[in-house]
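Here the structure is laid out as structure tokens; the discussion comes afterwards.
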Amino acid sequence: MGRVFMITLEGSVYSCKHCHTHLALFEDIISKSFHCRHGKAYLFDKVVNISVGEKEDRMMMTGMHTVVDIFCVGCGSIVGWKYESAHEKTQKYKEGKFILERFKVLGPDGSNYMVSHEALVSGSDADNA
């Protein structure tokens with residue numbers, strides 16, 4: 001296997017909480033109003049240093065979506081998912097966009113998002129736009 005090429009971002013960077021690999025820039029956030037089973041999740045226009053899993057259909061709070069899980073290329077940790085397609089017309093804006101789960105990434109200031117008890121008890125991997 002060859003050497004992994006990683007992109008280093010400049011500015012306010014979100015990174016993998018395990019290995020600190022750069023994943024996205026603050027300026028590429030589209031929305032902070034998404035949720036997943038661990039709490040908050042952010043919708044990004046661009047994400048780097050990831051690999052993708054297999055396509056699968058998932059029923060989310062806003063309807064059926066075809067998604068792929070995204071993994072950090074630095075350590076292999078799952079950090080979120082990418083919307084491949086949305087089955088509802090009102091959700092088409094998500095296609096080609098990325099979700100980073102705040103629990104799995106460090107914020108631009110190095111902060112780690114803490115999971116609330118409610119998210120563990122009642123959360124799901126669905127989004128809430």
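The values are calculated or read from the model by the stated rules, or taken from the named source; none is laboratory data. If you're wondering where the values come from, they're calculated on a predicted model, not measured in any experiment. Ideal geometry is used to build each Cβ from the backbone, glycine not excepted, and the neighbour counts take in all protein chains shown. Heavy atoms of the whole protein, side chains included, go into the accessibility calculation; ligands, DNA and RNA do not. Shrake-Rupley method; radii C 1.70, N 1.55, O 1.52, S 1.80 Å.
Could you work out which residue, out of Tyr42, Tyr83, Tyr93, moves most in a Gaussian network model of the chain, that is, has the largest mean-square fluctuation with Cα springs under 10 Å?
Top of the fluctuation ranking is Tyr93.
Quick check: convex hull over the Cα atoms of segment 1-74, volume per residue in Å³, rounded to an integer?
About 114 Å³ per residue, rounded to a whole number.
What ³J(HN,Hα) values, in whole Hz, does the Karplus curve 6.51 cos²θ - 1.76 cosθ + 1.60 give for segment 59-66 when θ = phi - 60°, with x put for Gly and Pro?
Coupling constants for segment 59-66: 7, 10, 4, 9, x, 6, 9, 9 Hz.
Which lysines have a Cα lying under 21 Å from the Cα of Lys46, excluding residues fewer than 8 positions away in the same chain?
Within the straight-line limit of under 21 Å, Lys46 reaches these lysines: Lys17, Lys32, Lys55, Lys82, Lys92, Lys94, Lys97, Lys104.
Just the projected area, averaged over all directions, of the convex hull on the alpha carbon atoms of the chain: how many nm²?
Computed as one quarter of the Cα hull surface, the answer is 7.9 nm².
Report the residues of segment 65-89 in range of a label on Met6: point 7 Å along Cα→C-beta, backbone N strictly under 12 Å from it.
72-77
Report the relative contact order of the chain, percent, no decimals, based on alpha-carbon pairs under 8 angstrom and at least 6 residues apart.
Rounded, it is 28 percent for the chain.
Between Ile30 and residues 5 or more places away or on another chain, which pairs have amide H atoms under 5 Å apart, with H built 1.01 Å from N, and which residues are they?
Leu43, Phe44, Asp45
Using Cβ-Cβ distances only, list the Cys residues of the chain with no partner cysteine under 4.7 Å, sorted by number.
Here Cys36 come out as lacking a disulfide-compatible partner, given the Cβ-Cβ threshold of under 4.7 Å.
Using a 1.4 angstrom probe on the protein heavy atoms only, could you order Lys94, Lys32 from most to least accessible area?
Lys32, Lys94
Output the relative contact order of segment 4-45, whole-number percent, from Cα pairs under 8 angstrom with separation of 6+ residues.
27
Would you list Ser33, Ser77 from the most to the least accessible area, probe 1.4 Å?
Ser33, Ser77
Ignoring ligands, DNA and RNA, what percent of the accessible area of the chain is carbon or sulfur (1.4 Å)?
Accessible surface attributable to carbon and sulfur in the chain totals 51 percent.
Leaving out ligands and nucleic acids, and using a 1.4 Å probe, what accessible area per residue does the chain come to in Å²?
I get 55 Å² per residue for the chain.
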